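These notes concern the structure reproduced below.
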2 protein chains.
Amino acid sequence: MEYRIILIGCGTVGQGLLEIFDRKAEQLRDQHDFEPKVVAITDKLKGSVVAPDGLNIKKVLSLLKEGKKLNDYDGPRLKVEDFLDPLDLIEQVEADIMAEMTYTDIKTGEPATSYIKKALRTGKHVVTSNKGPAALHYHELKELANLNQRQFRIEGTVMSGTPVFHLVENGLAGNDIREIRGILNGTTNFILSKMETDGMEYDEALKLAQELGYAEADPTADVEGFDAVAKVVILANALMGGKIKPDEVKRQGISALRKKDILEAKAAGLRYKLIAKVKKDGSRIEASVSPEKLPFSDPLAGVMGAQNALTFDTDLMGKVTIQGAGAGRIETGFSILSDMLAISRGEKKK
Amino acid sequence: MEYRIILIGCGTVGQGLLEIFDRKAEQLRDQHDFEPKVVAITDKLKGSVVAPDGLNIKKVLSLLKEGKKLNDYDGPRLKVEDFLDPLDLIEQVEADIMAEMTYTDIKTGEPATSYIKKALRTGKHVVTSNKGPAALHYHELKELANLNQRQFRIEGTVMSGTPVFHLVENGLAGNDIREIRGILNGTTNFILSKMETDGMEYDEALKLAQELGYAEADPTADVEGFDAVAKVVILANALMGGKIKPDEVKRQGISALRKKDILEAKAAGLRYKLIAKVKKDGSRIEASVSPEKLPFSDPLAGVMGAQNALTFDTDLMGKVTIQGAGAGRIETGFSILSDMLAISRGEKKK
């Protein structure tokens, strides 16, 4: 079945998705009856292109690789002047699914939230890897989706394509989740790992993370726990029925930890990890992000480097842990595909 | 939606499932639109009962708890003399789903395989936790299911209710799986853990496992790797397109390992695990079960005690690891429910 797709944002995630569409076209069609037809792309920096008959993915990818604008796309297309504002583009272009992959603004969730609302109201399923709308407006957007009989899916917002929401929706369906605990920030986990295994001081490990591209020039969002806070809010609200906001999460980062602390813990058979946690106590939901000393026997203690992991504590299955990549171009691109395939499985069964 | 259900086998798994049906009736109906109506149960030791209007689960559970026969069920029911042979019962009782939970015969897969065929041919979905039919006849049974437009689901055959097949079908759909590696036998993992953490000799650790009920009086199936072989064959055939048989799997158990080996490995920063592995090399599928020394950084190295875990090596997501219970009354009972919910999700969307 063919799906007409609009991409909003075409940075690393969008290009990762396009690469997968290109490499996997045959497999997606033959094994999953899924044929993506990208009908529009708009990106703040890279321009826009609208082609109701579908874009040639290879052409788009080589255009972007050459650093050219999408407006330079050479092939059947509409005049792009008509679609300067992404909101107009979303409203006017007919499509089945919108993939929202713009930058995260964790204060306002904009402009992504407006894009998502517009798409749902004009009858499009929405898939996003953007933490902003999911952390700030999950219930509102989910309701709007239900009202329009469309889906609002957010697999990529927590551990890139490592299945979190798919796992709970399918494999763990029927369980009550009492607690979710995990390592949701690869940068801090990399820094803590280096401090322990290579005996680095905090500043040294942070500098290495920056050199390797794991940490930003301003590392605050990672090292002070804000990134993990956004993710834990998403888990609380989307999976445990919470209605919490980022500033209600107890937060402590790792920047005060020193090599001495790490090595003292190690000598005592413990390992520091930045643990994001959300717990249900009756109808009360409590969330926190803070460094914890874990015994080596904890499945989360073994998660080293830039990996992520989550442990679900459930009433029937006890503890189930999933570990995998928490970031990456192809991995986050895959999260978008994975949600599209879920939509397609649902529609095919109708 | 109501589902008429036949249970074949009502030992620990069947009773675990009935307990979940009882405890979770409201949640299953309200959150999953799933209302199980158990219309027949037959068990080699516990007798049979057939009640087209549905059995009272609480009554069945207390009957079994008192050590009575199902034939003593006190409530609306058919005369049980008409259904002495499970095959007749499966043929004659109208139902939507049959849950097959009899004992595993890994040599023949019988009588379970005949029960499953009969159910599929008479229009019932089949859910099983039995390794025999899944390891020996997966493709044949899957084809028979397709032919009859019914599902044949096997979540409970590898890691009890810890999602393996659900994970691959949903969260990882779109990936090619290059390799699956894991710890699939809790008994041997418990023994190896005890040898390392408590410095026990093999015989001592085995004895403890037997006392705790993790190991059988005859521990051969576990310690010589036969149980893990059956599971790795299921993974190879159901998830990687293999057509291999148990005797094609290279197998080595843990009974030759001594405390000395374990502690020498530990001193070198390594940990022995009984690793089940299946690898795709072009169209060639190779499977093995054998002790391996893993570096502590391997996610499988941290899996201690009776837990199970699997690492999927995929083309898009790299390595994704899931860890959880590998056995247990409620956990395996849940695997059956989990497959029933998957069937129900599929039907609702039609």
*Count, for each residue of A:308-320, the Cβ atoms from other chains sitting within 10 Å of its Cβ, then give me the mean as a whole number.*
5
*Copy-to-copy spacing for A:Asn56, label 7 Å out on the Cα-to-C-beta vector, in nm, shortest first?*
7.3
*Distances from A:Lys107 to the same residue in each other copy, label points 7 Å out along Cα→Cβ, in nm, shortest first?*
7.4
*asked:* Neighbour counts of other C-beta atoms within 10 Å: give me A:Ser255, A:Ser129 arranged from fewest to most.
replied: A:Ser255, A:Ser129
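Please say if the range B:83-124 is rounded, prolate or oblate, where rounded means a/c under 1.5 for a ≥ b ≥ c the square roots of the C-alpha gyration tensor eigenvalues, and otherwise the choice is prolate for a/b larger than b/c and oblate otherwise?
prolate
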_Flagged links, alpha-carbon separation over 23 Å, of A:Lys107/B:Lys319; A:Lys124/A:Lys280; B:Lys245/B:Lys280; A:Lys37/A:Lys79; A:Lys107/A:Lys243; B:Lys245/B:Lys293_ = A:Lys107/B:Lys319; A:Lys124/A:Lys280; B:Lys245/B:Lys293
_Expected 222 nm ellipticity per residue - DSSP helices of 4 or more, -39500 (n - 2.57), all of chain A, to 500_ = -11500 deg cm²/dmol
*Which percent, nearest 5, of DSSP beta bridges in the range B:169-324 are antiparallel?*
95 percent
*asked:* For a quick check, take a GNM of chain B with Cα springs below 10 Å and name the residue from B:Leu239, B:Leu172, B:Leu212 with the largest mean-square fluctuation.
replied: B:Leu212
*Quick one: net charge around A:Lys259, please, counting Lys, Arg +1 and Asp, Glu -1 for every other residue with C-beta under 13 Å from its C-beta.*
-3
*Contour minus Cα-Cα distance for A:Leu45 and A:Ser114 (0.36 nm per residue)*: 23.0 nm
*Expressed as a whole number of Å, what is the distance separating the alpha-carbon centroids of the range B:289-346 and the range A:74-106?*
41 Å
*Candidate aspartates and glutamates - alpha carbon under 12 Å from A:Lys260, same-chain residues fewer than 8 apart omitted*: A:Glu196, A:Glu201
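What FRET efficiency comes out for the pair B:Glu204/A:Asp88, r = Cβ-Cβ distance, R0 = 60 Å, nearest 0.05?
0.20
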*Say each of B:Glu2 and A:Asp247 gets a label point 7 Å from the Cα, pointing the same way as Cα to Cβ; how far apart are those two points in nm?*
5.3 nm
*Taking A:Lys58 as the anchor, which aspartates and glutamates have their alpha carbon closer than 12 Å to its alpha carbon, excluding any fewer than eight residues away along the same chain?*
A:Glu19, A:Asp22, A:Asp74
*What average count of beta carbons from other chains do you get within 10 Å of the Cβ of residues in B:172-178?*
6
*asked:* As a footprinting exposure proxy, order A:Met159, A:Met304, A:Met317 by other Cβ within 10 Å, with the fewest listed first.
replied: A:Met304, A:Met317, A:Met159
*Is any helix in chain A, taking whole DSSP H runs, at least 15 angstrom long along its axis by alpha carbon and on average at least 1.0 on the Kyte-Doolittle scale, and which ones?*
A:226-239
*Say each of B:Asp53 and B:Asp315 gets a label point 7 Å from the Cα, pointing the same way as Cα to Cβ; how far apart are those two points in nm?*
5.7 nm
_Pairwise FRET efficiency - B:Glu81 versus A:Asp74, Cβ, R0 = 45 Å, nearest 0.05_ = 0.05
*Would you please state the base-10 log of I(q)/I(0) at q = 0.09, 0.13, 0.16 1/Å for the range A:174-324, with intensities from the Debye formula using one equal scatterer on every alpha carbon?*
-0.27, -0.57, -0.84
*Label B:His139 and A:Ala217 with points 7 Å out from Cα along Cα→Cβ: what is the distance between them in nm?*
5.8 nm
*Can you give the convex hull volume per residue for the Cα atoms of the protein assembly as shown, as a whole number of Å³?*
157 Å³
_Looking at chain A, identify the longest residue range that excludes and avoids all chymotrypsin sites (Phe, Trp or Tyr not before Pro) in DSSP loops having at most 16 other Cβ atoms within 10 Å._
A:104-295
*Given the C-alpha centroids of the range A:166-181 and the range B:121-165, what is the distance between them in whole angstrom?*
23 Å
*Put a point 7 Å out from Cα along the line to Cβ at B:Arg29; what are the distances to that point in the other copies, in nm, shortest first?*
4.8
*Report, as an integer, the average count of C-beta atoms from other chains found within 10 Å of each Cβ along B:331-341.*
3
_Scaled radius of gyration (Cα, divided by 2.2 N^0.38 Å) that the range A:274-335 gives_ = 1.30
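Hey, could you get me the Stokes-Einstein D for chain A, Kirkwood radius over alpha-carbon pairs, 20 °C and 1.002 mPa s, rounded to whole µm² s⁻¹?
Diffusion coefficient, whole number: 102 µm²/s.
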*Could you tell me the distance between the Cα centroids of the range B:244-261 and the range A:34-48, to the nearest Å?*
52 Å
*Could you point to the residue in A:Thr311, A:Gly241, A:Leu270 farthest towards the positive end of the range A:221-315's charge dipole, with +1 and -1 charges on the Cβ of Lys/Arg and Asp/Glu respectively?*
A:Leu270
_Could you tell me the calculated FRET efficiency between A:Asp30 and B:Leu147, based on Cβ-Cβ distance and R0 = 30 angstrom, to the nearest 0.05?_
0.90
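Coordinate-derived values only; no laboratory data. Bear in mind the structure is a predicted one, so any value in this text is a computation, not a measurement. Here the Cβ is made from the backbone with ideal geometry for all residues, glycine too, and neighbour counts use every protein chain on show.
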